[in-house]
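The structure appears below as structure tokens.
The values are calculated or read from the model by the stated rules, or taken from the named source; none is laboratory data. Small disclaimer: the values here were computed from a predicted structure and weren't measured. Backbone-built Cβ (ideal geometry, glycine too); neighbour counts: all protein chains shown.
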Amino acid sequence: MMLESRLLKKDLFGEVRLETRAGSRQIVRDTAPAALPVRWLAQVLMRREARALAALDGLHGVPGLLGAHRGRLAREYLEGRPMHHARPRNPAYFRRALRLLRQLHARNVVHNDLAKEPNMLVTASGQPALVDFQMAWHSPGRGRLFRILGYDDLRHVLKHKRTYCAEHLTERQRRILAAPSLPSRLWMRIVKPPYLFITRRLLGWADREGASDRGERQ
């Protein structure tokens, strides 16, 4: 049976491909092509993604885990357009996205990468879906750090709502946007400037890498 494979993304941590066999599609993260000095980190991130997706099994709007072994992770393909292409103006989309985020947190998972618009999809029916759980964290203990990161997840979704339908922000949501967490403030002031210099200037990365090629990023 013929396998079709299309490269969606390639960076220091390996490759992400869309694989199609007999009409069935899946997303595969492969750490084998990762740069040797960071291959160990790529495999750590892959295992984190596998744990998070396993904890979210059956949750609508999140790709199902199909398997993870020997440096490869396969997950369900979700049909949808990335937020920066779909540009959702309907406040119902964000209500549902916030509900989905609460369900994520209720299963002891924080996404940690929702600042990137390609990680939020808009399905054909206008529903939200979340992808790319490489930075996600499954923490059954739900300690203080988990709560802080969950708060940052919330702020990132609200930032996107402010971008596309700011007139529908509630007063409480505006207060949340005006009150970043301490780790978020430290990131913006201390870590982000050198991070952007290294990733964009030296390595040529972009936060939306892989999205423009096919209208979506998985």
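A few points about this structure:
- Some residue of the stretch 115-123 being assigned to a loop (DSSP other than H, G, I, E, B) and within 14 Å of the chain's Cα centre (by Cα): yes
- Filtered residues of the stretch 74-101 (kept if within 15 Å of the chain's Cα centre (by Cα) and not in a loop (DSSP other than H, G, I, E, B)): Arg75, Glu76, Arg81, Pro82, Met83, His84, Ala97, Leu98, Leu100, Leu101
- Exactly one residue out of Arg142, Arg189, Arg200, Arg185 is under 24 Å from Asp11 (Cβ atoms), modelled with pLDDT under 95 and either among the charged types (D, E, K, R) or surrounded by 16 or more Cβ atoms within 10 Å (Cβ to Cβ) (or both), and it is Arg200.
- The stretch 31-70: number of residues that are farther than 24 Å from Met120 by Cβ, touching a residue at least 40 places away in the same chain (Cβ under 8 Å) and not small (Gly, Ala, Ser): 1
- Only one entry of Arg87, Arg95, Arg142, Arg70 meets the criterion of being at negative phi and charged (D, E, K, R), and that entry is Arg95.
- Taking the numbered list (1) modelled with pLDDT under 95; (2) touching a strand residue (DSSP E or B) at 6+ places or on another chain (Cβ under 8 Å) in turn, Leu73 passes all entries but (1).
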